[in-house]
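Read-outs throughout are calculated quantities, based only on the coordinates presented, and are distinct from any laboratory measurement. Just so we're clear, the structure is a prediction, and the values are computed from it rather than from any experiment. As a convention, Cβ positions derive from the backbone with ideal geometry for all residues, glycine included, and neighbour counts pool all protein chains shown.
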Amino acid sequence: MKKLEVNNCIGCGMCIGTDPEHFEFDSDGLSTVKSEENLDSEALQSAIAGCPVNAISITDTEEN
Ligand code: SF4
């Protein structure tokens with residue numbers, strides 16, 4: 001199973017604009033994962049590639 005994570009976000013908002021399906025602002029104004037469906041979407045790939053601090057990652061989890 002794959003897991004979508006945001007770590008060390010600086011709150012630029014790019015990923016939320018690019019891929020609102022997967023990201024939203026939390027109460028601190030930082031990006032948080034909204035959905036882990038459709039992880040192959042082009043918008044998500046664009047958001048991952050465009051994050052200025054490489055805060056977004058998709059990892060494979062051990063358990064299925
Ligand atoms: S693009 Fe990166 S730094 Fe900007 S809001 Fe998204 S996760 Fe945070």
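Points worth noting:
- PHE23 passes every criterion in (1) buried (at least 16 other Cβ atoms within 10 Å of the Cβ); (2) farther than 17 Å from LYS2 by Cβ apart from (2).
This table checks each residue for (1) surrounded by 12 or more Cβ atoms within 10 Å (Cβ to Cβ); (2) of a type in the set (Phe, Trp, Tyr); (3) assigned to a loop (DSSP other than H, G, I, E, B).
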residue	(1), (2), (3)
GLU5	yes, no, no
GLY11	yes, no, yes
CYS15	yes, no, no
SER35	yes, no, yes
GLN45	yes, no, no
ALA49	no, no, no
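- For the range 21-48, a tally of residues being aliphatic (A, V, I, L, M), more than 10 Å from the ligand (Cβ to nearest atom) and out of contact with any helix residue (DSSP H, G or I) (no Cβ under 9 Å at 6 or more places or on another chain) returns 1.
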